[in-house]
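J.: If you scroll down you'll find the structure; I have some questions about it.
The values are calculated or read from the model by the stated rules, or taken from the named source; none is laboratory data. Computed from a predicted structure; not experimentally measured. Every residue, glycine as well, gets a Cβ built from its backbone with ideal geometry; the counts of neighbours run over all protein chains shown.
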Amino acid sequence: MFLSAQARQVDGCEPRLLDCIAERLDPEAAIRQAQAFAPDIVVSIMAIEYFDNDVEFLKRLRAELPEVLIGVFGHLPSHYQRETLAATGADFVLVGEPDLSFRELLERRTAGGTGRIIENEVTDDKKRPLEGVAVMRDGAFTGAGFQRSPELDELPFADQSAIDHSLYSEPFFGHPYTTFQSTRGCPFPCSYCVRSFGRKCVMASAEHVVSEVAAAVEQHGIKYFRFMDDTFTASRRRVLEICEGLRRLDKPISWSCLSRPNTIDGEIAEALRSAGCKRVYVGIESGSQKVIDYLKRGYELEKVMDNLRQVRASGLEMVGWFIVGAPVETPEDFEMSLKLARELKLEFIAVSTLVPYPNTELYELEAENIDFSLLPYVCQFKDQAGTEREAEFYRRYCLRPSYLMGKLGHLVRHTGETVRASRDFLSYVVASRRDFKRKDLL
Ligand code: SF4
């Protein structure tokens, strides 16, 4: 949606955003739609967990659209530029944040150049290289450096007209639904995190954020949304200002955001709640200080427990994210995580098995204990205790009589949604981590 907004500002560009997952398009249908649109350029994000799936799709797209200029972006393409280009047959990678390099590529493109001729995109008349764009031309590779967007306030609002808002939602929220991203990057030290945008956290001003939400509410009737920022509450002052601005909107809104235990407390929770926030996702990760330290979360559990209890008391729904299967995690540590989740009476939990992603501190630390290959994509610990703990955590937390009784209210108020969520939950618990049919619950 950010790239679509950039394209709309370039004369002669007519963007079309295809979200094949939301639109439930299989590869054949997606390629048919791409052919029917007859684009000059296709740009595709590549996911981490499904990297080889995306490689296969892009190879097919390359074969079906031989004259079209194809580009990709994402965490793995940015770090494995040459390998990605060689494997997919794509022409270029937008390295790092793609907004500005994409915009400049389009501007140079509309000034001249057709088909897969990319000379115009790589150098302008003054032979100035196009920053942030890695290219493969006749087997010759030219790499590029990681781009960051300097000021989010200077980027156009994400293009809300590019998607069908009725296709998106989250549990027990309704439609029309959308997402916003008001920061990029995360300043915290967690060793396992890919930090797609890097460690430097760039923030849109509160005024910009409130204007973007107001525009989506006014122009697209948005009623439900989520701030996708890694840590929406990273700046206390900014989040209080945003909440003050959102309170002044005269339309009802319900929203959610992501936080971490040392950036939220009772005051922040109350500000969020009074501005329409219904749910906060908190990365709790573990109930064991030893595991918290191993993951370099950067706080003491004992000190942040009060914060979490205050959030609990505020009336906000609290969803806890947990990580299981760290090499140092013993069965006792796992039990401590379950105990913490129960003590906080979390509305929902989301549990993931620790993955040692490349280009993270954890990957360096555990290099000897990791199986990694880009193609086919494999990324896991050789010796990982407790890979079955993810499903066990769900079973033992959610299938308790007290939890199920607490959800009876949901069943009465949102019967269809509760039945759907329960079905998704059961298929999630029995599906393996890399099963393409497995849906993300939250
Ligand atoms: S707080 Fe979240 S986004 Fe930030 S570094 Fe830690 S895991 Fe990554």
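J.: Let me confirm something: among VAL328, VAL280, VAL239, VAL319, which residue is within 16 Å of the ligand (Cβ to nearest atom), more than 22 Å from GLU207 (Cβ to Cβ) and in contact with a helix residue (DSSP H, G or I) (Cβ under 7 Å, 6 or more places away or on another chain)?
T.: VAL280
J.: Within region 1-15, track down each residue that is in a helix (DSSP H, G or I) and surrounded by fewer than 17 Cβ atoms within 10 Å (Cβ to Cβ). Explain how you work it out, then say what you get.
T.: Keep residues of region 1-15 that are in a helix (DSSP H, G or I), which gives 2-8.
Within region 1-15, ARG8 is the sole residue that qualifies.
J.: Of the conditions (1) more than 25 Å from ARG8 (Cα to Cα); (2) within 16 Å of the ligand (Cβ to nearest atom); (3) of a type in the set (A, V, I, L, M, F, W, C), PHE173 satisfies every one except a single condition; which number is it?
T.: Exception for PHE173: condition (2).
J.: Could you list, in sequence order, all residues of region 34-65 that are aliphatic (A, V, I, L, M), surrounded by 20 or more Cβ atoms within 10 Å (Cβ to Cβ) and touching a residue at least 60 places away in the same chain (Cβ under 8 Å)?
T.: Answer for region 34-65, where residues must be aliphatic (A, V, I, L, M), surrounded by 20 or more Cβ atoms within 10 Å (Cβ to Cβ) and touching a residue at least 60 places away in the same chain (Cβ under 8 Å): just VAL55.
One line per residue, one yes/no per condition, for (1) more than 9 Å from the ligand (Cβ to nearest atom); (2) without any contact (Cβ under 8 Å) to a residue 60 or more places away in the chain:
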residue	(1), (2)
CYS193	no, no
ARG199	no, yes
ALA204	yes, yes
GLU218	yes, yes
MET228	yes, yes
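J.: Give the number of residues within region 289-303 that are free of Cβ contacts under 8 Å to residues at least 12 places away in the same chain and closer than 13 Å to VAL324 by Cα.
T.: 1
J.: Further question on the same structure: Would you point out which residue out of ILE222, ILE253 is away from the ligand (no atom under 14 Å from the Cβ), touching a Gly at 6+ places or on another chain (Cβ under 6 Å), modelled with pLDDT of 95 or more and in the same structural domain as ALA158 (by TED's automatic domain parsing)?
T.: Being away from the ligand (no atom under 14 Å from the Cβ), touching a Gly at 6+ places or on another chain (Cβ under 6 Å), modelled with pLDDT of 95 or more and in the same structural domain as ALA158 (by TED's automatic domain parsing) holds for just one of ILE222, ILE253, which is ILE253.
J.: Suppose the filter is within 23 Å of LEU346 (Cα to Cα) and assigned by TED's automatic domain parsing to the domain that holds CYS190; does ARG238 pass it? Full working, then the answer.
T.: Working: within 23 Å of LEU346 (Cα to Cα): no; assigned by TED's automatic domain parsing to the domain that holds CYS190: yes.
No.
J.: Among the residues of region 154-185, what is the count of those that are within 27 Å of PRO252 (Cβ to Cβ) and either in a loop (DSSP other than H, G, I, E, B) or assigned by TED's automatic domain parsing to the domain that holds CYS20 (or both)?
T.: Going through region 154-185 one residue at a time, the tally reaches 17.
J.: If the Cβ limit is 9 Å and pairs must be 6+ apart or interchain, which residue in region 388-407 that is of a type in the set (Gly, Ala, Ser) pairs with which residue that is in a helix (DSSP H, G or I)?
T.: Close Cβ pairs satisfying both conditions: ALA391/TYR428; ALA391/VAL429; ALA391/VAL430; SER402/ARG342.
J.: Hey, LYS407 hits all of (1) modelled with pLDDT of 70 or more; (2) of a type in the set (D, E, K, R); (3) over 12 Å from PHE348 (Cβ atoms); (4) surrounded by 14 or more Cβ atoms within 10 Å (Cβ to Cβ) but one; which does it fall short on?
T.: Failing condition for LYS407: (3).
J.: Can you name the condition, by its number, that ALA367 falls short on among (1) closer than 15 Å to SER191 by Cα; (2) crowded, with 19+ Cβ neighbours inside 10 Å?
T.: Failing condition for ALA367: (2).
J.: Next up: Given the criteria farther than 23 Å from TYR168 by Cα and surrounded by 15 or more Cβ atoms within 10 Å (Cβ to Cβ), does LEU69 qualify?
T.: For LEU69, the condition - farther than 23 Å from TYR168 by Cα and surrounded by 15 or more Cβ atoms within 10 Å (Cβ to Cβ) - is met.
J.: Still on this structure: Kindly indicate whether any position in region 286-298 is within 22 Å of the chain's Cα centre (by Cα) and within 26 Å of LEU404 (Cα to Cα).
T.: The answer is yes, given that some residue of region 286-298 is within 22 Å of the chain's Cα centre (by Cα) and within 26 Å of LEU404 (Cα to Cα).
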